[in-house]
1. Lysine pairs, Cα distance under 23 Å, 8 or more residues apart or cross-chain: how many in the range 494-541?
2. Rounding to the nearest 10 and keeping the result within 0 to 90°, find how far the Cα-based axis of helix 254-263 lies from the longest principal axis of the chain.
3. Would you please classify the overall shape of the range 494-541 from the alpha carbon gyration tensor, given that a ≥ b ≥ c denote the square roots of the eigenvalues, rounded means a/c under 1.5, and beyond that prolate means a/b larger than b/c while oblate covers the rest?
4. Using mean Cβ contacts within 10 Å as the protection proxy, how do 515-526, 425-436 order, highest first?
5. Using a/c under 1.5 as the rounded threshold, could you call the range 96-210 rounded, prolate or oblate? The axes a ≥ b ≥ c are square roots of the C-alpha gyration tensor eigenvalues, and prolate needs a/b larger than b/c, oblate otherwise.
6. Please work out the FRET efficiency for the pair Glu679 and Ser211, using the Cβ-Cβ distance as r and a Förster radius of 45 Å; give the result to the nearest 0.05.
7. Between (1) 13, 42, 36, 9, 0; (2) 18, 54, 27, 1; (3) 15, 32, 19, 19, 12, 3, 0, which entry matches P(r) over Cα pairs in 20 Å bins from 0, in percent as derived from the coordinates of this structure?
8. Could you rank the peptides 556-565, 31-40, 639-648 by their average count of other C-beta atoms within 10 Å per residue, with the highest value first?
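Computed from the coordinates by the stated procedures, all read-outs in this text should not be read as laboratory data. Values in this document were obtained by computation on a predicted structure and should not be read as measured data. Cβ: placed from backbone, ideal geometry, glycine included. Neighbour counts: every protein chain shown.
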Amino acid sequence: MSNNHHIFIWKRAPFIRVLIPFIAGIILQFYLAVPSHTIALFASAAVACLFIFSFLSQSIKFRFKVVQGMLLSLLLFLLGAFVTLHKDIRRHDDWYGHFANGKTFIVATIAEPLQEKANSFKASATADVVIENGKVHHTIGKISIYFSKDSVSGNLRYGNRIIVNKLLKPILNSGNPAAFDYARYSGFHNLYHEVYLKPNEWRLFSSENTSAWTSFVFSVRQKVISVIEKYLGKNDQSSIAKALLIGYKVDLDKDLVQAYSNAGVVHLIAISGLHIGIVYAILLWIFSIFPFMKKSKPVRLLLILSGLWLFALLTGASSSVVRAALMFSFIVVGNAFDKKGSIYNSIAASAFFLLCFNPFLLWDVGFQLSYLAVLGIVIAQKPIANWIYFKNKFLRRLWQLAAVSLAAQLFTFPLCLFYFHQLPLLFLFSNLIAIPLATAVLCGCLILILISPVTPVATYFAKVVYVIIWSLNHSVLFFDSIPYSLWSGISISKSETLLLYFFVASTVFAFIYKNKMAFKFAIAFSCCFAFSKGYNEWKLFNQKKFVVYNIPKHKLVEFVDRNNYSFAADAEILADRSLYNYNIKPTQIAFQLNDGSNKVKHLFSKDNFYQFYDARILMIDSSFEKFSADKKINLNYILISKNPKIKIADIAKNFDCNNYIFDASNPPWKIEQWKKECEELHLHFHSVPEQGAFVINL
């Protein structure tokens, strides 16, 4: 029976057979960068073989149908490689990066409304023209631009064109251990350069370059924001309303977002399939009220699809939203023609079309989690719901909702451990309260937008919405405040994540199909995971590291000895929670260090001198006093911080050291000066701002 079920799914979901080789091609191209002529050669050979195959007799075709299937899979594989190659904008001849340098002028268009940061305005811009020695190059590509805060830059808006004459800087990673790979993340969005512009480094053109549709989307988003702020004010409640309704997260309080994450309901403020499902249900209900809509299927189909995609576009068209919109579109079209398609086929088809549009979504965390959550719900929700049967209708519905949360969490928790290093232990209870409240908030905000022109009615209705959002926020804060509600500080490797997924797949298969062999596989995978985890823990227990972090304008040095550590750092870094969480916390988790700075036994320090095991280190900063020694002092590393007034030659006269480290607390121009001095003296150096954090295993 189970074999027939598998064959049924395989035949009813042909897009699964399309998706697998296509994804394989994307992965191959990303990691191996296969040249275009190689792809073309293999594609031509496959097409030629299929052409010859078409002239063979039916008996031979039937006998060798596997070969035909392999050739088609090869073409899909090559299609994935080609799409990935084509979507890498650096491979295009008209990419601005081939022409731009410090001597060129770039004409760029502001591609989005400005985002206000602490000390600047940020926007993404398209590089339309590069002017090189009087020669005009029409180009493509995006640049991340930071404007210094002033009255002129604050008035910039979508569609404004500016001319820039400044060297673009490549987007780099900090290099801090276990830090977020921002350079790769930006590359997936075709962003490879950034620039910080002062008032005298750019000029505004009188002409604009806008798209009518994009302008409409931005204007509607701004209208929604203004309505929400008018009736709900500028507070945590309105911030959550904007995040739930249109995915606007600029003014979300970081502590509140962390509370949502800790409670296991952060998906509520990240526009996803849940929101699309709610909008779909609302649209179905609205159009079911009007009798003529029931009779006119084409009109109903068009209006529902338009409503779904308008909501998806207004929320920023993230991968999870587009995935859900595509899937519901397939369902709506199927229902319109009275055809019930396979949900697996809808999932695979939506993934295929999304990856055709942007193959780099395959590495997007939201993309991965949204598809795994949907698969978990489709595969495991019913079996979990069947564990317990309640006669009471309310309890039965409540348990069905709980089964949805359990199924989604079952398929996403390994990735959550890998990416976020934590697991909310009360997610089931928090979701049972938060999801109905979030649904009420979304419906209430939509109604508030519709009735906003009628100020008296909207004002009173807004109070109701405010209370619901307040209840949602405080329920989340309540779950976050419960002791031991969060299992945090977990670090697992990629291989361990895969082992967990093999364990989950085997366990689910064993329970659904009562398969003893699958249960044995589940035990084997759990043992492999335990062995791998134990081995990695043993390696971490024997670690000895010297780390110089890359934190702009700050000094942070860490000595790691087994599970203990000690800092030599600026006091404000350790006091600033956001700086600590972003720069230091991922490293503490990756190295599995004990909470709280502990005394490192093999670290000795006096003044600016440190000895850690056999490594002898001198830290020079602005407080360092010059001195001369009768005999050169042997050192392993010299760290220079806080822009001291020194010359490398003077330091080299007193210290015998071949390794100089310049951290990110020094200005770039001073580091360039020291680098030249090191090169003249044939000394090794490491520039932390350019090369990333300095990490050495002792």
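1. 4
2. 50
3. Verdict is prolate for the range 494-541.
4. Going from most to least packed, we get 425-436, 515-526.
5. Working: a/c = 1.76, a/b = 1.22, b/c = 1.44.
Here the range 96-210 falls in the oblate category.
6. Once rounded, the FRET efficiency stands at 0.35.
7. (1)
8. Order by mean packing, descending: 556-565, 639-648, 31-40.
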